[in-house]
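For reference, the structure is listed below as structure tokens.
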Amino acid sequence: GNVEEHTALSRALSQLAETEEKMELLHKEQSEADYFIMSVLMKDYVGLMAAVKDVFHERIKTYKLWKDAEATLGKKREMKAKLEMQNKMDKISQAQTEVTEWERNVEKGQEEFETISTNIKKEMLRFDKLRISDSETV
């Protein structure tokens, strides 16, 4: 009976060693998979941050164009008022056309700024949800 016990014990120890090797391999594979997923996520986040920087730069440009249009509109209104004070009827019509044009430019600039701001807010909310989802996945 003693030989059988040794054989059974030897078999059990051999199976235990195999199981430990399989577990070690699984841990290594899981670790590599986690590292790969994290690397891909980090690469995506770095790309996204670059895109966010570009979008904010566009927002700043849009804001500046809007404010420049407001300044020009102010000058066109002043010019029209001067022409009216000087009673230069031949030039008032052209001045009014320019004022109307710049009023449209200001309105368009404001709309573009508000649109880009709204889109940025939506994208940032979407990014936050995605980031939370990603962190739960990993």
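Which one, A50, N2, T72, is farthest towards the positive end of the dipole of the chain when Lys and Arg carry +1 and Asp and Glu -1 on their Cβ? Ranked along the dipole, the leading option is T72.
Counting lysine pairs in the stretch 6-70 that sit 8 or more residues apart in sequence, or on different chains, and whose Cα atoms lie under 29 Å apart gives 6.
Report note on the peptides 29-39, 63-73: ranked by the mean count of other C-beta atoms within 10 Å, highest first, their order is 63-73, 29-39. Once the chain from A12 to E114 is taken as fully extended at 0.36 nm per residue, the excess over their C-alpha distance is 29.6 nm.
Give, in nm to one decimal, the length gained when the segment between L25 and M79 is fully stretched (0.36 nm per residue of separation minus the Cα-Cα distance). Kindly include the intermediate steps, with their values, before the conclusion.
Numbers: separation 54, 0.36 × 54 = 19.44 nm, distance 8.07 nm.
Working it through step by step, the gained length comes to 11.4 nm.
The Rg/Rh ratio of the stretch 2-137, with both radii computed over alpha carbons and Rh defined as the Kirkwood radius, is 1.61.
Rounded to the nearest 10 degrees, the angle from helix 89-137 to the longest Cα principal axis of the chain is 10 degrees.
Each of the peptides 41-54, 109-122 was scored by the mean count of other Cβ atoms within 10 Å over its residues; in descending order, highest first, they stand as 109-122, 41-54. The charge dipole of the stretch 2-137, taken about its Cα centre with unit charges on the Cβ atoms of Lys, Arg (+1), Asp and Glu (-1) only, comes to about 1560 debye. Here the Karplus relation 6.51 cos²θ - 1.76 cosθ + 1.60, evaluated at θ = phi - 60°, turns the backbone of the stretch 69-76 into coupling constants of 5, 4, 5, 5, 4, x, 5, 5 Hz, with x for every Gly and Pro.
Read the figures in this text as sums done on the coordinates, not as results from a lab. All values reported here derive from a predicted model rather than from experimental measurement. Methodologically, a virtual Cβ is constructed for each residue, glycine included, from the backbone with ideal geometry; neighbour enumeration extends over all protein chains shown.
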